[in-house]
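**Q** Structure provided below as C-alpha cells; questions to follow.
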Amino acid sequence: MIVGVLKLCLVLPENHSLKGKRSVIKRIQARVSEQFNISVGECDHQDVWQSAVLGFAVVGSSEPVVQATLQKVVDFVEGMGLAQVGESSSEIIHC
C-alpha cells in the first residue's frame with residue numbers, strides 16, 4: 001500500500017473575511033474530492049483571512065500513480081482560479 005500526502009499553501013489576496021475564506025475552501029475541497037476521490041482538509045492558518053493550508057491524502061498500490069494524482073491535484077486547484085497556489089510539498093509513505 002502506498003500513501004501519498006500533499007500539503008498545499010494557498011493565498012487568497014482578494015479575501016477580506018473568514019466567512020469568504022471558508023466559502024472558497026469549501027468549494028475547493030468539494031471539487032477536489034469529487035474529481036479525484038481523495039481526502040482533503042484544512043490543516044493550518046484557520047484564523048488567517050488571506051491564506052490557507054490544505055492537506056490531501058491518497059492511497060494506491062503504485063507509487064507513480066499516487067505521485068501523478070498528487071500533481072494533478074495541484075494543477076487542478078491552480079486551474080480553478082479561486083486561490084493562488086503557493087508552496088507545496090508531498091510525501092510518499094510505503095506501508
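The values are calculated or read from the model by the stated rules, or taken from the named source; none is laboratory data. Quick caveat: nothing in here was measured; it's all calculated off a predicted structure. Cβ atoms come from the backbone with ideal geometry, glycine included; neighbour counts cover every protein chain shown. Ligands, DNA and RNA are stripped out before the accessible areas are found, and what is left, the full protein with its side chains, is counted by its heavy atoms. Shrake-Rupley method; radii C 1.70, N 1.55, O 1.52, S 1.80 Å.
**Q** Any chance you could run the full-extension gain for HIS94 through GLU14? It's 0.36 nm times the residue separation minus the Cα-Cα distance, nm to one decimal.
**A** The HIS94-GLU14 span can extend by a further 24.9 nm.
**Q** Still on this structure, please answer the following. Can you tell me how the stretch 54-95 classifies by the Cα gyration tensor, rounded, prolate or oblate, using a/c under 1.5 as the rounded cut? All intermediate terms of the calculation are to be shown ahead of the outcome.
**A** On the way: a/c = 2.91, a/b = 2.07, b/c = 1.41.
Since a/c reaches 1.5 and a/b is larger than b/c, the shape of the stretch 54-95 is classed as prolate.
**Q** Carbon and sulfur: what percent of the chain's accessible surface (1.4 Å probe)?
**A** Within the chain, the accessible surface is 50 percent carbon and sulfur.
**Q** Treating cross-link reach as a plain straight distance, find the aspartates and glutamates whose alpha-carbon is under 15 Å from the alpha-carbon of LYS21, omitting any fewer than eight places away in the same chain.
**A** Filter leaves GLU42, ASP44, ASP47.
**Q** Another question, then. Can you give the accessible area per residue of the chain, in Å², using a 1.4 Å probe?
**A** On the way: 5650 Å² over 95 residues.
Each residue of the chain exposes 59 Å² on average to a 1.4 Å probe.
**Q** Another question, if that's okay. Which FRET efficiency value, to the nearest 0.05, do you get for LYS26 and LYS72 by plugging their Cβ-Cβ distance into 1/(1 + (r/R0)^6) with R0 = 25 Å? Numbers along the way, then the final one.
**A** Details: r = 21 Å, r/R0 = 0.82.
Efficiency, rounded to the nearest 0.05: 0.75.
**Q** Just by accessible area at a 1.4 angstrom probe, what is the order of VAL32, VAL5 from largest to smallest?
**A** On the way: VAL32 0, VAL5 55 Å².
Solvent-accessible surface, decreasing: VAL5, VAL32.
**Q** Sticking with this one: On a 0 to 90° scale, report how tilted helix 63-80 is relative to the longest principal axis of the chain, with both axes built from alpha carbons and the result rounded to the nearest 10.
**A** Tilt relative to the chain: about 20 degrees.
**Q** Near LYS72, which lysines are there with a Cα under 16 Å away, not counting those fewer than 8 places off in the same chain?
**A** The reachable lysines, counting only those whose Cα sits under 16 Å from LYS72, are LYS7.
**Q** Loop-only GluC sites (Glu not before Pro) in the chain, please: DSSP not H, G, I, E or B, and at most 12 other Cβ atoms within 10 Å.
**A** Details: sites: GLU14, GLU34, GLU42, GLU78, GLU87, GLU91; in loops: GLU14.
For GluC sites (Glu not before Pro) across the chain that sit outside H, G, I, E and B with at most 12 neighbouring Cβ atoms in 10 Å, the list reads GLU14.
**Q** Before anything else, pin down the relative contact order of the chain: Cα pairs under 8 Å, at least 6 apart, normalised by residue count, whole percent.
**A** Working: 170 pairs, mean separation 46.6, N = 95.
In percent, rounded to a whole number, it is 49.
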